[in-house]
Amino acid sequence: YTFLKEKSDIFSKKIKLLHISPEGSLKSLLQKSSNIDYYCGDKFEEGYQDYYYDRDVFQIDITNIKYKDDEFDVLICNHVLEHVDDDEKALQEIYRVLKPGGWAILQVPISLTLQKTLEQPTSSPAERERLFGQFDHVRLYGQDYKERLAKVGFIVKTHNPKRDNWDIDINRLAINPMEVLYLAHKSI
C-alpha cells in the first residue's frame, strides 16, 4: 500500500486492476477508489473457501486466467507464485492479460542466501515445510527471481524504501528494510 500511495498514480488515474488472492485491507482500499475498475480472484484451494474471502472474489486459475489479452493496466499478486506448480505458466498468463505499458506487483518470499530458486518435487507437506518454509509452498525463490520474471518478457524494476531513501518511517509502518518490491512491466 505504501508503494501504491507514495510511488504510483494508481489512486488518481483511471485504471483496470486485477488482484489475485486479494488481501482484505488492500482489497477494501482499492475497491473504494472510484477511478479503479477492480477485479479480484483466487483459486479457492481447500481450506480457504468460505473462510478467507468475501463472496465477490471470483474463481481464477493463475495458470489459465479467463480474461482476454491486454486487458488490465495493473495486476497485484502477493505471495501466490510460491504455491503454484507451474509458476512460469502463471507468469506468462500475467504478462498476457496486462496491457502494453501495464505493470504488476509480484511479491514472493525470497531467500537472501539462495542464489538459485530451490525447487524439488515432493508431495509431503512435512518435506515442503522443511525445504520451502511452509507446508503448501512448492519452491523457495532465490536471488534469481528477477531473472525468472524477465524470462517471460517483463522489464523488472526493484524498489526498497530504505535503499531508495523514501521519505517515510519504515519502522512505524512495520516495513521490512530488507524486502525488495518487484515491479514487472510489460513493454509498450
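Things worth noting here:
- Fluctuation leader among ASN35, ASN171, ASN160 - the chain, Gaussian network, Cα springs under 10 angstrom: ASN171
- Antiparallel bridges, percent of DSSP beta bridges restricted to the chain (to nearest 5): 35
- Hull-based mean projected area of the chain, where the convex hull spans the alpha carbons, in square nanometres: 11.2
- Solvent-accessible surface of region 1-138, averaged per residue with a 1.4 angstrom probe and all protein chains in place: 55 square angstrom.
- Straightening the chain between ASP69 and PHE3 buys 21.1 nm, computed as 0.36 nm per residue apart minus the Cα-Cα spacing.
- Each label point was placed 7 Å from the Cα along the Cα-to-Cβ direction; for SER12 and ASP86 their separation is 4.2 nm.
- Label-to-label distance for SER187 and ARG130 is 4.4 nm, based on points extended 7 Å past Cα in the beta-carbon direction.
- Ordering of 18-26, 133-141, 107-115 by burial proxy (mean other Cβ atoms within 10 Å per residue, highest first): 18-26, 133-141, 107-115
- Pair LEU118, GLN31: separation of 7 Å Cα→Cβ label points (nm): 3.7
- Where only DSSP H runs of four or more residues are counted, the chain gives -6000 deg cm²/dmol as its mean residue ellipticity at 222 nm, each run worth -39500 (n - 2.57).
- Charge tally in the Cβ shell below 14 Å around GLY133, where Lys, Arg are +1 and Asp, Glu are -1, GLY133 excluded: -2
- Part-to-part distance (alpha-carbon centres) for region 150-188 and region 98-129, which is given in Å: 16
- Highest mobility in the GNM of the chain, judged by mean-square fluctuation with C-alpha springs under 10 Å and restricted to PHE58, PHE72, PHE154, is found for PHE58.
- Computed E for GLU147/ASN176 - FRET, C-beta separation, R0 30 angstrom, nearest 0.05: 0.85
The values are calculated or read from the model by the stated rules, or taken from the named source; none is laboratory data. Computed from a prediction, not measured in an experiment: that's the story for all the values here. As a convention, Cβ positions derive from the backbone with ideal geometry for all residues, glycine included, and neighbour counts pool all protein chains shown. Just the protein is used for accessible areas: all its heavy atoms, side chains included, with ligands, DNA and RNA removed. Shrake-Rupley method; radii C 1.70, N 1.55, O 1.52, S 1.80 Å.
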